[in-house]
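The values are calculated or read from the model by the stated rules, or taken from the named source; none is laboratory data. Keep in mind the model is a prediction, meaning the values are calculated, not measured. Ideal geometry is used to build each Cβ from the backbone, glycine not excepted, and the neighbour counts take in all protein chains shown.
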Amino acid sequence: MSNERLDRLIDEVAKQLTAGQPSSDFRARVIASLDRRPGRVWRPIWIVAPLGTLAVAVLVVLVARPFQGRDRGAESPALQRTGQTVTAEKPPITPKAETPTVRRPPSPPGGFGETAGRRQDPSGRAAAEVAALAPPPLEVPPLGVEAIGVAALATDSIAVTQLDAITPIAVEPLPTDDERPASGQRRSPNDRNE
Amino acid sequence: MSDVDLVARARQGDPAAFGELVERHRTAVYRAALAALGSHADAEDTAPDAFLMAFRRLDTFRGDASFKTWLLTIAWHQAINHRRSLSRVWRRMVAPKDQEEMESVLENVAAAGPTPEGTAAHHELRREVERAIRSLSPKLRDALLLAQSGEYSYDEIATMLRAPIGTIKWRVFEARRVVRATLQQRGYVDVQ
């Protein structure tokens, strides 16, 4: 087959590889996508995202509020025992309940001092009642340990026995240069032994 | 009405004008996608996206080139991005139907020879030519397919592929030479 015929065949096959028509509803699909896609893409971004953020913020506030009250109630008895004031440890941003320290009623005889009088919320009162019902501290007798008598211990002598005497090793001195053979040949170790 | 007039109306929000542009150029866009992707299914997916992209960028069309050239450039880049995407590779691995699809097309097109043996030989040679074209490097294959599709001028191909016209012509020539050499190596064609 000549190159020209082969080139024609190559061109023909190449043309066939790109032959084809889009489907009959192609135009309708494109026009429909023009209307549909921007809404599909942008609406979730601009509407769902702020709503989601708002929902999370509300959820955080709702969840955090009960924990705030519980924390205050739990910490008040401990502070009362150590004689510290709450205002010393609280951060500067505090709820309104902590600010009127001047208008506090006198401490109850039961002895929850400043904090008990200041707390008006039910959780604080409940903590105080729980603390009042606490059992008295346990009295544990000290553990007595007797000293061990030194005389009672049996001790062996730690004297060190003398080692055997080492016998000296006799070492024969090496021959000097004058004693070597005159021919200049080195003596073998066997010669030395002879 | 010219393409430029239709573009002006489409910019003013006339969907019918853009629809007319789609109707005029849908085959050219589709075949460009087919040349890049080698699959009718992928071309069906990509071609509408090219029109959508063009619609969103209508304001950037300045009229330096024809609307068709501008649109084809967008379509070609869209198709090339699709070709590079991993999802397409995955789809090819999962459902390798395109090869069979193309082969069936070639079977239908195979020219009838004078004898059954001649027809079979011709059919086999066409298959080998198609394999050789598919195994070309993308640069050579793209140039050959676009040039032989009959839809585009060399000017348009040069703009789409961002290469000088001389380079495009050389690529087409080189593509043919490589295909011939491949066929000769496989023993389908006598060495001239």
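General remarks:
- In region B:167-188, the residues that are facing chain A (nearest Cβ under 9 Å) form Cβ pairs under 6 Å with partners that are not in a helix (DSSP H, G or I), at six or more places apart or across chains, as follows: B:175/B:136; B:183/B:189.
- Every condition in (1) surrounded by 12 or more Cβ atoms within 10 Å (Cβ to Cβ); (2) modelled with pLDDT of 85 or more; (3) assigned to a helix (DSSP H, G or I) is met by residue A:60 except one, and the failing one is (1).
Condition check ((1) within 13 Å of chain A (Cβ to nearest Cβ); (2) in a helix (DSSP H, G or I)) across all residues:
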residue	(1), (2)
B:6	no, yes
B:13	yes, no
B:19	yes, yes
B:22	yes, yes
B:30	yes, yes
B:41	yes, yes
B:50	yes, yes
B:71	yes, yes
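- Single condition residue B:2 does not satisfy, out of (1) without any contact (Cβ under 8 Å) to a residue 40 or more places away in the chain; (2) crowded, with 22+ Cβ neighbours inside 10 Å; (3) not charged (D, E, K, R): (2)
- Residue B:56, sole failed condition from (1) more than 10 Å from chain A (Cβ to nearest Cβ); (2) over 19 Å from residue A:25 (Cβ atoms): (1)
- Qualifying residue in region B:141-162 (condition: more than 17 Å from residue B:73 (Cβ to Cβ), more than 10 Å from every other protein chain (Cβ to nearest Cβ) and not aromatic (Phe, Trp, Tyr)): no
- Any hit, region B:122-131, residues being surrounded by fewer than 19 Cβ atoms within 10 Å (Cβ to Cβ) and under 17 Å from residue B:35 (Cα atoms): yes
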